[in-house]
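Bear in mind that the values in this text are calculations on the coordinates, not laboratory data. Since this is a predicted model, take the numbers as computed values, not measurements. A quick note on method: Cβ atoms are made from the backbone with ideal geometry, for glycine too, and the neighbour counts reach across all protein chains shown.
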Number of protein chains: 2
Amino acid sequence: MLRFISQSSSEGVTEQSFTLSSSFDDIPGVLWSPDAATGTRPLIVIGHGGGQHKKAPGVEARARRFVAEGGFAVVAVDSPAHGGRPQSEEHSRLIAEMRARFQTGGDATPVLAELHTLIAGQSVPEWRAVLDAVQELDHIGTGPVGYWGVSLGCALGVPFVAAEPRVRAAVLGLSGAENAAEAAEQITVPLEFLVQWDDEMVPRAAGLALFDRFGSAEKTLHANPGRHHEVPLFEMDSSLRFFARHLN
Amino acid sequence: MLRFISQSSSEGVTEQSFTLSSSFDDIPGVLWSPDAATGTRPLIVIGHGGGQHKKAPGVEARARRFVAEGGFAVVAVDSPAHGGRPQSEEHSRLIAEMRARFQTGGDATPVLAELHTLIAGQSVPEWRAVLDAVQELDHIGTGPVGYWGVSLGCALGVPFVAAEPRVRAAVLGLSGAENAAEAAEQITVPLEFLVQWDDEMVPRAAGLALFDRFGSAEKTLHANPGRHHEVPLFEMDSSLRFFARHLN
């Protein structure tokens, strides 16, 4: 059940905080839409990065542009073990192990794959439940759905996009998604895939290998110089145009 | 000396055929500009692909869009040994050798590098002379210059962009430009670089290696599935926006 907690408006964009009660636990989320919106519109799900949450600055900035310039609605929720959500012992153990490997320069890939498999097992059904609930709202409706997520948002996004036929187009990247290589092959919708050429967290070859594996006939890799968190701003313009092309 | 041969207009775009007399030989070219244009505007040089010419369909389609939608002027000339231009014995020998290697599945890279070095030695000064002449025209003027060229247009474009400070932004790709690796390092202007993921003529690694080598702080690699000649149409939109961002 979707329960709205607060609502505000700024520069033409209405922001509604909500909680969705699920069979797992309560999922805190935010829905952005054009002020005074009525009727059906495309909906973009944004999956945040590791250690972030539903209203991390990069999430909110994208959401507001997608709404203000594209007329879309955007929804983001705290991923399992993120934001204010509880961490199980297994979450905590894997997150500590991942941090230790990054600090010592060890190979974090197998730990990340295990952590992402654990989280995705919960996030995929949660996000599908979020879609069910949000698309019942009068000002959202059952229009086409897009997905935007990089880094953790890609590792969780790949199995979500593969499992959810309502998703018609996705922007992914900054991940090898070693947890979900087979799911990548099942994806056939248009993709834009981001690679940071000097990514200190994801080996270049891992990103290229994931791009190679997607089943989509239309998939474009956008690679830019810089480290993991240095995706250039013009890629936000590109995401917006990509969604406009495929969801309108 | 620039001598106009013919002029026509269609859908708001004026096309002027010309011949430029140079110290090498007469260079046939085409200049596209908005109808009734006056004053200075950005100018885009398009370098055609191997075996093509100044009015190949892909060149003309791009030129007309850049003019009609971007308000730019566009110039293209027949590259040395292309279009109606004479081939020296060395041109003919290298072209025959290149074709033989492609047909037998041999390694064409060293022959291509030799051929492109030979042609670029002539095309770089020619294109600079074309810029000199065209920018003297009242409806072009000395505005910023862009370059668009893939395949042969990249192999000749890399040394041209490196040598010509008037070029402020370039779209390149579909080539390893083995003739011009050192020139690539000298390029510092913003680049968009195209790779065809299943290119049957250019090994994927060669394209990625060239992208790696460019000195530009802003460079974006766009990779798409498909063979050498299957660059998706939406990349034309992307080129147009890229030039609009950097030349206006």
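The angle between the Cα long axis of helix A:234-247 and the main principal axis of chain A comes to about 60°, on a 0 to 90 degree scale. Mean separation of Cα pairs under 8 Å and 6 or more residues apart, divided by the residue count, gives segment B:150-243 a relative contact order of 28 percent.
If you wrap the tightest convex hull around every Cα atom of segment A:1-88 and split its volume per residue, you get 97 Å³.
When only alpha carbons are used to place a centre, segment A:26-41 and segment B:123-153 end up 50 Å from one another.
Once the gyration tensor of the Cα atoms in segment A:80-210 is diagonalised, the equivalent ellipsoid follows with semi-axes of 27, 19, 11 Å, ordered largest first. Given +1 at the Cβ of Lys and Arg, -1 at the Cβ of Asp and Glu and no other charges, the dipole of segment A:2-247 around its Cα centre is 320 debye to the nearest 20. Against the empirical 2.2 N^0.38 Å (N residues), segment B:168-248 has a Cα radius of gyration ratio of 1.06.
For segment A:46-95, the spherically averaged projection of the C-alpha convex hull amounts to 3.4 nm². Can you tell me which lysines have their Cα less than 29 Å from the Cα of A:Lys54? Leave out same-chain residues fewer than eight positions away. Hits, sequence-local ones excluded: A:Lys219. Suppose R0 equals 22 Å. What FRET efficiency, 1/(1 + (r/R0)^6) with r the Cβ-Cβ distance, do A:Gln7 and A:Thr40 give to the nearest 0.05? Calculated transfer efficiency: 0.60. The Cα atoms of chain B define a convex hull whose projected area, averaged across directions, is 12.1 nm². For B:Met201, nonlocal amide neighbours, meaning residues 5 or more places apart or on other chains whose placed amide H falls under 5 Å from its own, are B:His228. Among the GluC sites (Glu not before Pro) found in segment A:152-248, those both in a DSSP coil and sparsely packed, with 13 or fewer other Cβ atoms within 10 Å of their Cβ, are A:Glu200, A:Glu230.
Comment: the Cα-to-Cβ extended label point of B:Ile5, at 7 Å, lies 7.2 nm from its counterparts in the other copies, nearest first. In vacuum, with every alpha carbon of the protein assembly as shown counted as one equal point scatterer, what does the Debye formula give for log10 I(q)/I(0) at q = 0.06, 0.11, 0.13 Å⁻¹? Two decimals, please. Treating every Cα as an identical point scatterer, log10 I(q)/I(0) equals -0.33, -0.93, -1.15. Only alpha carbons enter this Debye calculation for segment B:143-197, each as an equal point scatterer, and the log10 of I(q)/I(0) it gives at q = 0.29 Å⁻¹ is -1.23.
Between the helical axis of A:89-104 and the dominant principal axis of chain A, each derived from Cα atoms, what acute angle in degrees is found, rounded to the nearest 10? Once rounded, one gets 60 degrees. Taking every alpha-carbon pair under 8 Å whose residues sit at least 6 apart, segment A:2-247 reaches a relative contact order of 16 percent.
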